[in-house]
1. Give the relative contact order (percent, whole number) for segment B:34-134; include only Cα pairs under 8 Å separated by 6+ residues.
2. What's the carbon and sulfur percent of the protein assembly as shown's accessible surface, probe 1.4 angstrom, rounded to a whole number?
3. Where does helix A:12-22 land angle-wise versus the long Cα axis of chain A, in degrees 0 to 90, nearest 10?
4. Net charge near B:Leu49, counting Lys/Arg +1 and Asp/Glu -1 over other residues with Cβ under 13 Å of its Cβ?
5. Roughly what angle does helix A:299-310 make with the longest principal axis of chain A, taking Cα atoms, 0 to 90 degrees, to the nearest 10?
6. Sorted from largest down, what three extents in whole angstroms do the Cα atoms of segment D:239-289 have along their principal axes?
7. Would you work out the charge dipole size for segment A:135-291 about its Cα centre, treating the Cβ of every Lys and Arg as +1 and the Cβ of every Asp and Glu as -1, and quote it to the nearest 20 debye?
8. Given H placed 1.01 Å from N in the peptide plane, which residues other than close sequence neighbours of B:Cys274 have an amide H under 5 Å from its amide H?
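The values are calculated or read from the model by the stated rules, or taken from the named source; none is laboratory data. Since the model is a prediction, treat every value here as computed from it, not as a measurement. All Cβ positions, even for glycine, are placed from backbone atoms using ideal geometry, and neighbour counts span all protein chains on display. Side chains are part of the model used for accessible areas, which takes the heavy atoms of the whole protein and leaves out ligands, DNA and RNA. Shrake-Rupley method; radii C 1.70, N 1.55, O 1.52, S 1.80 Å.
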4 protein chains.
Amino acid sequence: MIQVGIIGGAGYTAGELIRLLLNHSETEINFVFSTSNAGNKVSKVHQDLVGSTDLMFSSEINPDVDVLFLCLGHGNSKAFLEAHTFSSSTKIIDLSNDFRLEVDKKLEDKVFVYGLPELQKEAIKKAKYIANPGCFATAIQLALLPLAQVKLIKDDIHVNAVTGATGAGTSLSKTTQFTWRDNNFSYYKPFTHQHLEEINQSVKQLQSDFNSDIIFMPNRGNFSRGIFATIYTKFEGSLEDVKAVCQEYYNDAAFTFISDEDIHLKQVVNTNKCLIHLHKHDNKLLITSIVDNLLKGASGQAIQNMNLMFGFPETEGLQLKANFF
Amino acid sequence: MIQVGIIGGAGYTAGELIRLLLNHSETEINFVFSTSNAGNKVSKVHQDLVGSTDLMFSSEINPDVDVLFLCLGHGNSKAFLEAHTFSSSTKIIDLSNDFRLEVDKKLEDKVFVYGLPELQKEAIKKAKYIANPGCFATAIQLALLPLAQVKLIKDDIHVNAVTGATGAGTSLSKTTQFTWRDNNFSYYKPFTHQHLEEINQSVKQLQSDFNSDIIFMPNRGNFSRGIFATIYTKFEGSLEDVKAVCQEYYNDAAFTFISDEDIHLKQVVNTNKCLIHLHKHDNKLLITSIVDNLLKGASGQAIQNMNLMFGFPETEGLQLKANFF
Amino acid sequence: MIQVGIIGGAGYTAGELIRLLLNHSETEINFVFSTSNAGNKVSKVHQDLVGSTDLMFSSEINPDVDVLFLCLGHGNSKAFLEAHTFSSSTKIIDLSNDFRLEVDKKLEDKVFVYGLPELQKEAIKKAKYIANPGCFATAIQLALLPLAQVKLIKDDIHVNAVTGATGAGTSLSKTTQFTWRDNNFSYYKPFTHQHLEEINQSVKQLQSDFNSDIIFMPNRGNFSRGIFATIYTKFEGSLEDVKAVCQEYYNDAAFTFISDEDIHLKQVVNTNKCLIHLHKHDNKLLITSIVDNLLKGASGQAIQNMNLMFGFPETEGLQLKANFF
Amino acid sequence: MIQVGIIGGAGYTAGELIRLLLNHSETEINFVFSTSNAGNKVSKVHQDLVGSTDLMFSSEINPDVDVLFLCLGHGNSKAFLEAHTFSSSTKIIDLSNDFRLEVDKKLEDKVFVYGLPELQKEAIKKAKYIANPGCFATAIQLALLPLAQVKLIKDDIHVNAVTGATGAGTSLSKTTQFTWRDNNFSYYKPFTHQHLEEINQSVKQLQSDFNSDIIFMPNRGNFSRGIFATIYTKFEGSLEDVKAVCQEYYNDAAFTFISDEDIHLKQVVNTNKCLIHLHKHDNKLLITSIVDNLLKGASGQAIQNMNLMFGFPETEGLQLKANFF
């Protein structure tokens, strides 16, 4: 049993990590750090855990845990690691966007590896520090990487994606208030979402001559969980070719699958899966990609990375029952 | 055209009043007072009004308006009226619970009349100051008043009602956050909701020997608008008798109707209606009552009261298209 | 008071027509034809109308009404008109897609005019037969027509739009079942939606040299009403230029408005409005357009057309209170 | 590994069983019988299972499986067992209401044991045939049994409960259509719900002098999963006494827990838990009880019963990650 520490324990992603770790056969939660909740039961915040755990939030940090998850707001992970020292054997998985880009990946002697198993599983296995990918970034990369691998992205990529209200974090705000969000729909950050950078970086890692635009429209949907992304581009090859490329690319993927049928968001909600569907019309290739933003898009992928880093079975703790309805 | 002033213009009930008044043939909105929004367009807060009005929020109060609506938090109306002076001809309709009870109804020389048209339409027509009923209180009274009128309530009354998220006001809070409320259900204030007092007062006004308990369980539903209330009590008479009593009582009601069929909440959402359905099983009489909490339960009823006070047709500005879906 | 007949009275669009016509000062509903519901109260199907009308569904058709609305499934309007004869003075507004295209617009001596007031108000005023536009088609055209008018659409147009469950009609189906649709998201008919033809036709009517592609991804959202469409294209001019063009184009529009702020779907739900927002990033112009699919996208626009055809004020019966929450 | 057969494989409860069994360490699904879907992949109907299983629906029944789950409509289980013969060693768990009552529990030589572990765990361990409790019945019994055990139910019991749309089964119907159910609320079967019989039977099993009325109002909520039940009765003892009684009663329960804090539905959605909260006001005791209707209220409890019957750990395959948001 490895010892696990969690920093920023009151947010959505920390809650999901705790839910997953409690059912993981190889881990013990050593501490859940939260200054505002220290001394309270974890189940006071993550209330579905009543009956599941008596764990308390802690104001103390154990620097000798085997693995540390950082569930802090973007920008705060770097500051936290500069202010705190951990054992040289402590592995760290950061869920923020602080270390995802090549230009950001080093902090003193720490070098962060981008933690998308479908891109670089071997590097993750050897990594000590992981920058866990963004949620939109995960869904969109998993749609694009097979094509990039065979250097077949030759034109602009048009992405339209919709995310649930958990994507906005736990802070109270107008656009996450029920009366605003219920039965509503809206967009945000058109063409400028911060995940574009990590997507471009990964696509270029596989297809170095990639120089098309990724035109990305993110939307807010009236549901709590999940990302539904449609991605299209001009493509001259046949649908069968693309399917073969994708099947090959995801042949040994633990959680990413190609669906022959049309897909809809709830197929992956409350699971660590990504489902991909391919469709072609005239010269346009349409790739649909769905993930749960809090699982494959955040905490589930973080556990998947932990499994790889510690040599546990990749799916341990992640064979989840979908909610589906 | 009468001149209308609104105090507390940024909340849900003020928004509904503005929506209704803009389509009312006899009114002109003179000012919408909001300290926090003064100088902004009303459509910046009530955003469906883009294209409908160029009205601005004001930090100035015109003391000579013909009618003033107070859309303040409970407890604040009294303080506001103590601090501000209006023309002796200004009629006032208060939407808070500050003046609803006999013990509270006087403020200096002002005497507030409880503004439930189905209880006392003639008193409202002559009133200068109106205490507009509560939302739960409206739904529940409209279920009970016909029986009270014929002195037939003889046993405890069991009320279970569910309200939408607009019932909690516009302040951000955990239980009105989308991720908490969506697909959720909960209760609050069991047996002690503050509307019980005005309900008891009205029932006793019609049936002076009424001394049973009203046992009231309020619930929070995962929708934005509406109150669905089921009310049962032991009752020895026949269903036909009760139907006749209710039909008679609501014979000239402008917005309250008896439905022969089962009813469901969306039949009244975005209307000023109350629908009542009667059912009997063994010795139990079940009365179901539905209203839109922001309309018949608040701003619609306030306009209905204004219509009565000024001699306008009772339904003016209130023949609303239901949303229904 | 003109006499109105409705064919296909049990569907969503007929229900909306009835709701609107009951509050219209110049119309009387002469009959609502529905074979399956003949003899039942209209309020048995459109249940929010309990208390509003005692109208019955009829199995008889009065061929002398002043105006007839056809609310039949696509393909059935033509068959219906071939089988039934109406007075030569009866005006007809068809809500299906049977007569929208130039190639389809004639049926014997009847010539249908495409009923988009923002495109050709004068032609509608003189028309006797109207082909009412599709819902997606309305939202998308209203985004594109101002630019087409000044011949400024020069590149491919990318449209992503999401519609509510009422868009699928009243027939029971898996994708409109609550347990499937709630909290879900999916696409349908990628790149091939039937409304593309009428959109292309109108754009070319204003900009005859238009020969770019309209690439349209329609989606199913987990709400009942409304269409949210984002539309982008390469554009070299300034945002100010486009705003000026749109403001000019919609200067005298009764229901279409430009919003300076970002827009969200519920601003127009249960109204006849279309709101447009303009945004520019680098060389991409983003136009967002929102309508209620059943009102401006169907029955509201049909009433607007009727108003124009009979010389009534264009907004009569259509100044609707938004649901908003 | 025991071999499992499922009859009626296309419904909600069969889908949940399959999801649970795929992650259960001691079971192998031998066949999923569905005449209408025979030959299709199970993931074509239960679409979240894409990537999880290649299992096919079968038109053949293996009469030698170790355990058989009947997921048939009420009334059909008896007919099915009369028409089919199974090995004498095959254990059967029926999810319908065909065998729940004493008068119904025998079919030829088969005697069905009522499968509520919190009522009679030892009897279940020895049982060969199980009648799995109803969903409402589970939530309500778990609220009442501790009091019945100490003979403290002395007055009428008032139950108000709301269930999700999955409670109505997979058949298409108006009240489970999205446009009807979304943002709606309604009741059904007031005072006469069929689960009352099994509730009364269990309460009397523990408190033989129980002769009060259980007055039950079931409601339809606008969510997919879960039952929220509030139950109150006159009660003279202290809240502390009741808490102690309940804690004692559920001391070794695997999935039923007492919450000191108010509870809300989503705490148990997608888990096999029941949470109970106790509250007292004047002489009224309020017990709130929440379960997921498809898990603790159906398929989860069926697996729990299977675990007990086969000597597996009671929680095997049932430590589920809540959806929560």
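1. Numbers: 154 pairs, mean separation 21.4, N = 101.
Relative contact order of segment B:34-134: 21 percent.
2. With neighbouring chains kept in place, the figure for the protein assembly as shown is 45 percent.
3. With rounding to tens, the tilt is 70 degrees.
4. Numbers: positive: B:Arg19, B:Lys41, B:Lys44, C:Lys266, C:Lys273, C:Lys321; negative: B:Glu16, B:Asp48, B:Asp54, C:Glu261.
Net charge in that neighbourhood comes out at +2.
5. Taking Cα atoms only, the helix is inclined about 80 degrees.
6. Taking the Cα atoms of segment D:239-289, the three principal extents are 35, 23, 13 Å.
7. On the way: 14 positive and 16 negative charges, 134 e Å.
It works out to roughly 640 debye.
8. B:Thr256, B:Phe257
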